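Here's the structure, in structure tokens; my notes come after.
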Amino acid sequence: MTLFAAIRLPQEILFGKGQRHALPIVAARLGKRALICTDERFAATPVFAEIVEALEAASIDVLIHDGVQPDVPSETVSVCVDDARAFEPQMVIGIGGGSCLDMAKCAALLLSHGGRLQDYYGEYKVPGPTLPVIAVPTTAGTGSEVTPVAVISDSDRTLKVGISSPYLIAATAICDPDLTMTCPPGLTAVAGADALTHAIEAFTAARRGTDPLLAQNHVFIGKSALTDHFALLAIKLLGRSLEKACKDGSDENARADVMMGALAAGCAFGTAGTAAAHAIQYPAGALTHTAHGLGVATMMPYVMNYNRSVSAVEMAEIASALGLDSAAHDTEEMARAAIEEIRRLFAAIGITPTLADLGLSADKLDWTAEQAFGIDRLIKNNPRPFDLDAMKRLVRAAYDGDLAASAI
């Protein structure tokens, strides 16, 4: 028997129009004091005021931390935690984009186990359960509402760093597409492209085997039957609706598809993991100070083409999920069609086509490749192996916009 699957998810996922109104009931099951992590922009909205009012009406005391910054600078987590200790929260509610959800996870971690954030960098460093987290995303991209990861920026390090542990998975994810309706086109595009990249990299990730200790020693363990299910759902939904949502933000059906796509992509990569597109984005993003989603999406067609020789079957399935006609094409043709459709879709929503356009300097190409090659947890997940020269060729191809060269 060769069938293998593994997946880790929240205890409860609520999805749909108006589901944010379930928050007071969900929170009341966890306690009477809630720390809310959000950003200054969302904290000033009428919707946020309504959410807080509803929590208080349910006899839940709230402490609002509205200082979440993009990419969660590590020192800001300490500020949040220091302010919250005397309040003794019984839960942490993250409301906002991925950074707000990651802040909630990190705050729950330090409030529960103490120490410094740096003590937990890497995999399986969290010693036990944390305060329960309720994740309420207002953007559709990172999938942080269902993943075991919190990504932060540390001023002592060039690259962003991650804390990865099943204990960081939110207790409940509440995904209400209405909360994304005011998301501007540019952010919709970058976040949605991030989600689509998550899904593609999870679906094409290496198949790592059935070792019973694999999932006990590693957070990200490669593709499996269950992660594939979620990845293909995400590709289908994002493929049919991301462009629509970017062009018409008032399209409720498109918004729901994109948010469900981001959620499903998170369900997939939260166990399967991501691969080379993410590895290259980390150093490229650090040098160019560009959005994570923009960087991974810029890389995705080149990485797909690099992997095509070993992942043609998976890419043909991606083509089918994208709605491309499969009747008259063989596997190789369908794989190429999938890559071209991703290029077309990303171009249509304004994704930067090359690393040069992203702002990466030519004299930093080798450094970028060397840093990416060193991110072992991502590189070992890529279906086609790398050596350093291969990574350098891929980075150069993405810089030059030479898709054909990326396969060499």
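The values are calculated or read from the model by the stated rules, or taken from the named source; none is laboratory data. Worth saying up front: this structure is predicted, and the values here are computed from it rather than measured. Here the Cβ positions follow ideal geometry from the backbone for every residue, glycine too, while neighbour counts run over all protein chains shown. The area values use the complete protein model at the heavy-atom level, side chains included, leaving out ligands, DNA and RNA. Shrake-Rupley method; radii C 1.70, N 1.55, O 1.52, S 1.80 Å.
Can you find a residue in the stretch 205-217 that is modelled with pLDDT of 95 or more and either in contact with a helix residue (DSSP H, G or I) (Cβ under 6 Å, 6 or more places away or on another chain) or open to solvent by less than 10 Å² (accessible area, probe 1.4 Å) (or both)?
Looking through the stretch 205-217, at least one residue is modelled with pLDDT of 95 or more and either in contact with a helix residue (DSSP H, G or I) (Cβ under 6 Å, 6 or more places away or on another chain) or open to solvent by less than 10 Å² (accessible area, probe 1.4 Å) (or both).
For the stretch 360-398: of the residues being open to solvent by less than 50 Å² (accessible area, probe 1.4 Å), closer than 18 Å to residue 287 by Cα and not small (Gly, Ala, Ser), which is nearest to the chain's Cα centre (by Cα)?
375
Does the stretch 113-129 include one or more residues that are under 30 Å from residue 177 (Cβ atoms), open to solvent by less than 30 Å² (accessible area, probe 1.4 Å) and at pLDDT 95 or above?
Looking for residues that are under 30 Å from residue 177 (Cβ atoms), open to solvent by less than 30 Å² (accessible area, probe 1.4 Å) and at pLDDT 95 or above, one finds none in the stretch 113-129, hence no.
For the stretch 303-328, enumerate the residues that are in a loop (DSSP other than H, G, I, E, B) and either touching a strand residue (DSSP E or B) at 6+ places or on another chain (Cβ under 7 Å) or not hydrophobic (A, V, I, L, M, F, W, C) (or both).
323, 325, 326
Scanning the stretch 206-227 for residues that are out of contact with any Ser or Thr (no Cβ under 9 Å at 6 or more places or on another chain) and of a type in the set (A, V, I, L, M, F, W, C), which turns out nearest to residue 267 (Cα to Cα)?
Restricting to residues being out of contact with any Ser or Thr (no Cβ under 9 Å at 6 or more places or on another chain) and of a type in the set (A, V, I, L, M, F, W, C), the top hit is 225.
All but one of (1) farther than 27 Å from residue 200 by Cβ; (2) at pLDDT 95 or above; (3) assigned to a loop (DSSP other than H, G, I, E, B); (4) open to solvent by 10 Å² or more (accessible area, probe 1.4 Å) hold for residue 155; state the number of the condition that does not hold.
Only one criterion in (1) farther than 27 Å from residue 200 by Cβ; (2) at pLDDT 95 or above; (3) assigned to a loop (DSSP other than H, G, I, E, B); (4) open to solvent by 10 Å² or more (accessible area, probe 1.4 Å) is unmet by residue 155, namely (2).
Quick test of your reading of the structure: residue 82 fulfils all but one of (1) among the charged types (D, E, K, R); (2) within 24 Å of residue 235 (Cα to Cα); (3) surrounded by fewer than 24 Cβ atoms within 10 Å (Cβ to Cβ). Name the failing condition by number.
If we test residue 82 against (1) among the charged types (D, E, K, R); (2) within 24 Å of residue 235 (Cα to Cα); (3) surrounded by fewer than 24 Cβ atoms within 10 Å (Cβ to Cβ), just (2) comes out false.
Tell me, which residue of the stretch 39-75 that is open to solvent by 20 Å² or more (accessible area, probe 1.4 Å) and among the polar types (S, T, N, Q) is farthest from residue 18 (Cα to Cα)?
69
Of all residues in the stretch 364-377, which are in contact with a helix residue (DSSP H, G or I) (Cβ under 8 Å, 6 or more places away or on another chain) and either modelled with pLDDT under 95 or farther than 23 Å from residue 221 by Cβ (or both)?
Passing the criteria: 364, 365, 366, 367, 368, 369, 370, 371, 375.
Does any residue in the stretch 383-408 that is of a type in the set (Ser, Thr, Tyr) come within less than 8 Å, Cβ to Cβ, of a residue that is in a helix (DSSP H, G or I) and open to solvent by 80 Å² or more (accessible area, probe 1.4 Å) six or more places away or on a different chain, and which pairs are these?
Sorted first by the residue in the stretch 383-408, then by its partner, the pairs are 406/393.
Restrict the check to the stretch 239-261 and report whether at least one residue is open to solvent by 10 Å² or more (accessible area, probe 1.4 Å) and closer than 28 Å to residue 390 by Cβ.
No, every residue in the stretch 239-261 fails to be open to solvent by 10 Å² or more (accessible area, probe 1.4 Å) and closer than 28 Å to residue 390 by Cβ.
What residue, among those in the stretch 10-23 that are assigned to a loop (DSSP other than H, G, I, E, B) and open to solvent by less than 60 Å² (accessible area, probe 1.4 Å), is nearest to residue 53 (Cα to Cα)?
Ranking the qualifying residues of the stretch 10-23, first place goes to 18.
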